[in-house]
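Input: a single structure, listed below in structure tokens.
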Amino acid sequence: MSGSSTNATRHAHRLPSTTTGNNSDGEIINKVVRELETKVQELEDGQSCSICMERSRNVAFLCGHTACSNCAQPLKTCHICRKPITKKINLYS
């Protein structure tokens with residue numbers, strides 16, 4: 001088999017089942033797009049600062065919690081667990 005047909009076969013199992021015959025191709029595509037948008041949003045939310053929800057988390061505290069550098073800068077205690085912040089660690093991705 002060619003490389004492109006192998007890829008199509010490998011990823012085909014991820015599409016919703018069409019055995020009911022009630023869904024048109026457009027409905028199936030829309031459903032897949034909505035599911036993918038939801039997954040992308042969940043991933044983005046997981047990387048966002050839990051204080052401002054605008055910037056990426058790039059500072060960690062010794063307690064293990066994180067925030068963006070703008071929000072972390074004035075903190076003296078962790079916004080999650082309230083432990084005193086003794087050190088701020090810059091995170092690089």
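Provide a single number: the residues in the stretch 58-93 that are part of a loop (DSSP other than H, G, I, E, B) and touching a helix residue (DSSP H, G or I) at 6+ places or on another chain (Cβ under 6 Å).
Of the residues in the stretch 58-93, 1 are part of a loop (DSSP other than H, G, I, E, B) and touching a helix residue (DSSP H, G or I) at 6+ places or on another chain (Cβ under 6 Å).
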Next on the checklist: Restricting to the stretch 40-50, and then to whatever is in a helix (DSSP H, G or I) and polar (S, T, N, Q), can you tell me which residue is nearest to T66 (Cα to Cα)?
Outcome noted: Q47
Checklist entry - Has the stretch 22-39 got any residue that is at positive phi, in a loop (DSSP other than H, G, I, E, B) and without any contact (Cβ under 8 Å) to a residue 12 or more places away in the chain? => result no
Item to check | Flag if N30 is under 24 Å from the mean Cα position of the chain (by Cα), modelled with pLDDT of 90 or more and exposed (fewer than 10 other Cβ atoms within 10 Å of the Cβ) | outcome: no
Item to check | Positions within the stretch 40-85 being on the phi > 0 side of the Ramachandran plot and modelled with pLDDT of 90 or more, in sequence order | outcome: G64, R82
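Residues are listed down the side, and each one gets a yes or a no for (1) surrounded by 16 or more Cβ atoms within 10 Å (Cβ to Cβ); (2) hydrophobic (A, V, I, L, M, F, W, C):
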{"position": "E44", "(1), (2)": "no, no"}
{"position": "C52", "(1), (2)": "no, yes"}
{"position": "F61", "(1), (2)": "yes, yes"}
{"position": "A67", "(1), (2)": "yes, yes"}
{"position": "Q73", "(1), (2)": "no, no"}
{"position": "S93", "(1), (2)": "no, no"}
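The values are calculated or read from the model by the stated rules, or taken from the named source; none is laboratory data. Just so you know, these numbers come straight off a predicted model, no measurement behind them. For neighbour counting, all protein chains shown are included, and Cβ atoms are generated from backbone atoms with ideal geometry for every residue, glycine included.
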